[in-house]
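The values are calculated or read from the model by the stated rules, or taken from the named source; none is laboratory data. None of the values given here were measured: they were computed from a predicted structure. As a convention, Cβ positions derive from the backbone with ideal geometry for all residues, glycine included, and neighbour counts pool all protein chains shown.
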């Protein structure tokens, strides 16, 4: 399992992914987000699922795109191309995986703004290789371990949020997840894209880089809990004294 989140706000795109890989008792790290360029126009992919399926699909995509990039002028077309390679890998490996007791599992997110896109775009691709667009009505998508940070995101995040707030919310959602799920942890990769700039940045953070932020939030939550109005509780407690 993993944790990847991509957010679309009015200013641009924000993504965050952990790097932890687990296989039985084995733990390793590997990047789950990759950048791809069509000339000056960047894209990013995020993936959650079987690493072997992911690596094969991305390799096939890069090989295919070495000749086909000139026809990919909108982000949805890149999503279609990745979906096509996921189908190809499924045709090759799904049966063998099933015989080994493994489901064919690969969720992907494609984000960017290509030449003919009128704005920045995000698409979620399912293991069946069909996709949906992530829109301002629901401006984020988590793939992998999705349950622990969702309530905070739903409370704090809107399409009108700043990229700064979006990145803060993404980190806190990751931080809540890593505390509850042993297969999610640092280091993390953060990717940002400001709309219409055609400039995308990928940056790594290790635990020590953000430990102070995590501790600040934990202390703030504890203090807020202490300060929560409690008149509604006092009468109840008095009945049992």
Looking for whichever is touching a residue at least 40 places away in the same chain (Cβ under 8 Å), part of a helix (DSSP H, G or I) and either closer than 17 Å to residue 35 by Cβ or more than 22 Å from the chain's Cα centre (by Cα) (or both) here; the options are 97, 102, 114. Which one fits?
97
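Could you please let me know if residue 43 is assigned to a loop (DSSP other than H, G, I, E, B), surrounded by 12 or more Cβ atoms within 10 Å (Cβ to Cβ) and touching a helix residue (DSSP H, G or I) at 6+ places or on another chain (Cβ under 6 Å)? It would help to see each step written out before you state the result.
Numbers: assigned to a loop (DSSP other than H, G, I, E, B): no; surrounded by 12 or more Cβ atoms within 10 Å (Cβ to Cβ): yes; touching a helix residue (DSSP H, G or I) at 6+ places or on another chain (Cβ under 6 Å): yes.
Against the criterion (assigned to a loop (DSSP other than H, G, I, E, B), surrounded by 12 or more Cβ atoms within 10 Å (Cβ to Cβ) and touching a helix residue (DSSP H, G or I) at 6+ places or on another chain (Cβ under 6 Å)), residue 43 does not qualify.
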Which pairs do you get when a residue that is free of Cβ contacts under 8 Å to residues at least 40 places away in the same chain and at negative phi, found in the stretch 41-68, comes within reach of a residue that is crowded, with 19+ Cβ neighbours inside 10 Å and in a strand (DSSP E or B), reach meaning Cβ atoms under 7 angstrom, with the pair 6+ apart or on two chains?
58/45
How many residues, within the stretch 122-145, are buried (at least 17 other Cβ atoms within 10 Å of the Cβ) and either more than 14 Å from the chain's Cα centre (by Cα) or assigned to a loop (DSSP other than H, G, I, E, B) (or both)?
6
Could you check how many residues of the stretch 155-198 are part of a helix (DSSP H, G or I) and more than 23 Å from residue 112 (Cα to Cα)?
9
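Matching residues to (1) modelled with pLDDT under 90; (2) in a helix (DSSP H, G or I):
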position	(1), (2)
1	yes, no
4	no, no
37	no, no
52	no, yes
58	no, yes
61	no, yes
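Which of the residues belonging to the stretch 199-212 are touching a residue at least 12 places away in the same chain (Cβ under 8 Å) and not in a strand (DSSP E or B)? Walk me through how you get there before you give the answer.
Residues of the stretch 199-212 touching a residue at least 12 places away in the same chain (Cβ under 8 Å): 199-200, 202-207, 210.
Hits for the stretch 199-212 are 199, 206, 207, 210.
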